[in-house]
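Have a look at the structure below before the remarks.
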Amino acid sequence: MTAIILAAGVARRLAPLTDHTQKSLLPVGGRPILARMLEALHAVGVRRAVIIVGHCADQVRALATRAPADLAVECLDNPAYQQGSVLSLLTARNLIRGGPTLIMDADVVFPREFLRRLVTSPAPNALLIDRSFADTGEEVKIYTQGERVIALGKKVMPTAWDQVGEESRGLCEYEDAIHLIVGRQPVAGVDVTGLPWTEVDFVEDLRRADLEVFPKIARLEGEQHA
């Protein structure tokens, strides 16, 4: 299995912290978010990671050289990284076609249990789902019927529609593409409700990750590896 990690974006909402730093390299618990992600992949048996880079790519490459010894890490450039994450995912299309992949955002702080549940899922295609969330409008909502994911997106979906379009002005997130895919391919939901995690989009997210979420993860991982 190959992990594809999207770490190319500029992250303007975190400026000025990200003016000259890749968002995934911001520290949580005293260490870069991406470093913790690579260690989590290694801990669950993933032995190859491909990082899609753009903004501050050299910084990411430097961190990749310090990955766990038997985790092979390479970086792929997305020269159009300012035009939306879907182009970063497109950069990895040959990897996705070539075999099992994990697709990951590089700005998520999470416990290793997330990856354990995903890689051990019997479903050929799956998304992690946290059912206990507060909708601020930033969250990508996942809609299911039974065990199958039927739609996803940041906006509330209507119960039915005749057509769907996108006013992207050339910008598009990869979740928009996955929304189209789940209507054609079976995708299961893997529940991670109750586990501590956060995406880091704003300064307050980074603060909460450091002061609230990471301590909970550290306690959880300490129990798992005691």
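Pull up region 170-206, narrow it to residues that are under 21 Å from residue 132 (Cβ atoms) and part of a helix (DSSP H, G or I), then point me to the one that is nearest to the chain's Cα centre (by Cα).
175
Quick check on this structure: which one of 149, 140, 190, 119 is touching a helix residue (DSSP H, G or I) at 6+ places or on another chain (Cβ under 7 Å), modelled with pLDDT of 85 or more, closer than 29 Å to residue 36 by Cβ and not polar (S, T, N, Q)?
190
Just name the residue that is farthest from residue 46 (Cα to Cα) out of those in region 80-95 that are at pLDDT 90 or above and in contact with a strand residue (DSSP E or B) (Cβ under 8 Å, 6 or more places away or on another chain).
Once the filter is applied, the top-ranked residue is 91.
Do any strands (runs of 3 or more DSSP E) lying entirely in region 26-128 carry at least 3 residues that are polar (S, T, N, Q), open to solvent by 70 Å² or more (accessible area, probe 1.4 Å) and farther than 26 Å from residue 203 by Cα, and which ones are they?
Strands (runs of 3 or more DSSP E) meeting the threshold: none at all.
The values are calculated or read from the model by the stated rules, or taken from the named source; none is laboratory data. Not measured: the values here are computed from a predicted model. Positions of Cβ are backbone-derived with ideal geometry, glycine not excepted, and every protein chain shown enters the neighbour counts. Ligands, DNA and RNA are excluded from the accessible area calculation, which covers all protein heavy atoms including side chains. Shrake-Rupley method; radii C 1.70, N 1.55, O 1.52, S 1.80 Å.
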